[in-house]
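Colleague: Dropping the structure in here first, questions after.
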C-alpha cells in the first residue's frame, strides 16, 4: 500500500487541473500509488495574498472533485494572514473536503502568530505539512528550518506536524526534530541519496517517517527508491510507504465519513 504525502499540479502537461490530475493519476497507477495528496495550484506564489491562496485552493478542490476515492487535498495557507487563513481553513477543511494544510515559505513557523492556525488544525484533526529547508547560501525570508518547526512543535505537543523535506539537509533535519515526538518527517522532494531512510528509522523510529514524492517536481520512481532501496525491515518499509500517513489521516477521514 502506497499513500503519497506530497503532490503538485506543476511540472506536468495539461491546460487545466482536471487534465493534469488525470495525467498524474496515470503515473500513480504505473507506480502502484494508491492515494495521493495534492496542495497548491499554479502559478505558485511564495508569499500568497488571501486572494491568491484561495484561488489555488479552488484549483485543488476542482481537481480532487473527480477523484474522491484516490486524491486528498491540503489547504494552502499563509501565516502572514492569520485571520484570512483561519477563514480558508474553515472553508476548505471544516466545511469542505480537504484533510490538511500546507504551509510554505512565506512565514517562519517559529513565529507565534501562526499558533491560531495550528490550534484549529488540532481541533479539526487536520494534518499539518510545513515546508522546511536548510540552504547553504541561507534560506529565503520567511522560509522555515527544521529548528523552527521544533520550536513550533514544543508549543503544540498534542498536535501532529510533518517536517517537510526534512530540511533538505536530512542529517541535520532529523536531529533537529528528534526530541519532538509529535513531529514526523516527510522524505519527499530531495535527491534519493543512500542512508537517508536508514538514519531516519534509526533516529526517529519507522512510525515517524512518511513517504512523499513531490510529484510534478520530482518523479515517483526516484522518491520511491529512497524507501524501496533502503536497508530496513519490510515492516518498516510498509509503515513509511503508506501506513503512517493512513494512520495520521484516519481521524479526520472518519469524521468526514470519507473512504480510507
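Colleague: Given 112, 120, which one is over 20 Å from residue 176 (Cα atoms) and either without any contact (Cβ under 8 Å) to a residue 12 or more places away in the chain or more than 16 Å from the chain's Cα centre (by Cα) (or both)?
Modeller: On inspection, the qualifying residue turns out to be 120.
Colleague: Something else about it: Could you check how many residues of segment 19-59 are within 24 Å of residue 95 (Cβ to Cβ), in contact with a helix residue (DSSP H, G or I) (Cβ under 8 Å, 6 or more places away or on another chain) and surrounded by fewer than 16 Cβ atoms within 10 Å (Cβ to Cβ)?
Modeller: Summing the residues that are within 24 Å of residue 95 (Cβ to Cβ), in contact with a helix residue (DSSP H, G or I) (Cβ under 8 Å, 6 or more places away or on another chain) and surrounded by fewer than 16 Cβ atoms within 10 Å (Cβ to Cβ) in segment 19-59 gives 0.
Colleague: If you take the residues in segment 182-191 that are assigned to a loop (DSSP other than H, G, I, E, B) and surrounded by 19 or more Cβ atoms within 10 Å (Cβ to Cβ), which one is modelled with the lowest pLDDT?
Modeller: 190
Colleague: Right, something else. Here are 170, 133: which of them is surrounded by 16 or more Cβ atoms within 10 Å (Cβ to Cβ), more than 25 Å from residue 231 (Cβ to Cβ) and touching a helix residue (DSSP H, G or I) at 6+ places or on another chain (Cβ under 7 Å)?
Modeller: After ruling out the rest, the residue left standing is 133.
Colleague: Which condition breaks for residue 192 when tested against (1) farther than 22 Å from residue 85 by Cβ; (2) in contact (Cβ under 8 Å) with a residue 40 or more places away in the chain?
Modeller: So the condition that residue 192 fails would be (2).
Colleague: Then there's this: Of everything in segment 217-227, what is out of contact with any helix residue (DSSP H, G or I) (no Cβ under 7 Å at 6 or more places or on another chain) and buried (at least 16 other Cβ atoms within 10 Å of the Cβ)? Give them in sequence order.
Modeller: Listed by number, the residues that qualify are 218, 219, 223.
Colleague: Could you check residue 175 against (1) farther than 28 Å from residue 45 by Cα; (2) modelled with pLDDT of 95 or more; (3) assigned to a loop (DSSP other than H, G, I, E, B) and say which number it fails?
Modeller: (3)
Colleague: Let me ask something else. Residue 210 - would you say it is within 19 Å of residue 103 (Cβ to Cβ) and modelled with pLDDT of 95 or more?
Modeller: yes
Colleague: Now a separate question. State all residues of segment 231-255 that are outside any helix (DSSP H, G or I) and exposed (fewer than 15 other Cβ atoms within 10 Å of the Cβ); if no residue qualifies, say none.
Modeller: 231, 233
Colleague: Here's something else I'd like to know. Name the single residue that is surrounded by the fewest Cβ atoms within 10 Å (Cβ to Cβ) among those in segment 69-84 being out of contact with any strand residue (DSSP E or B) (no Cβ under 6 Å at 6 or more places or on another chain) and farther than 21 Å from residue 211 by Cα.
Modeller: 83
The values are calculated or read from the model by the stated rules, or taken from the named source; none is laboratory data. Bear in mind that the values here come from a model prediction, so they are computed numbers and not experimental data. Heads up, the Cβs are rebuilt from the backbone with ideal geometry, glycines too, and the neighbour counts pull from every protein chain shown.
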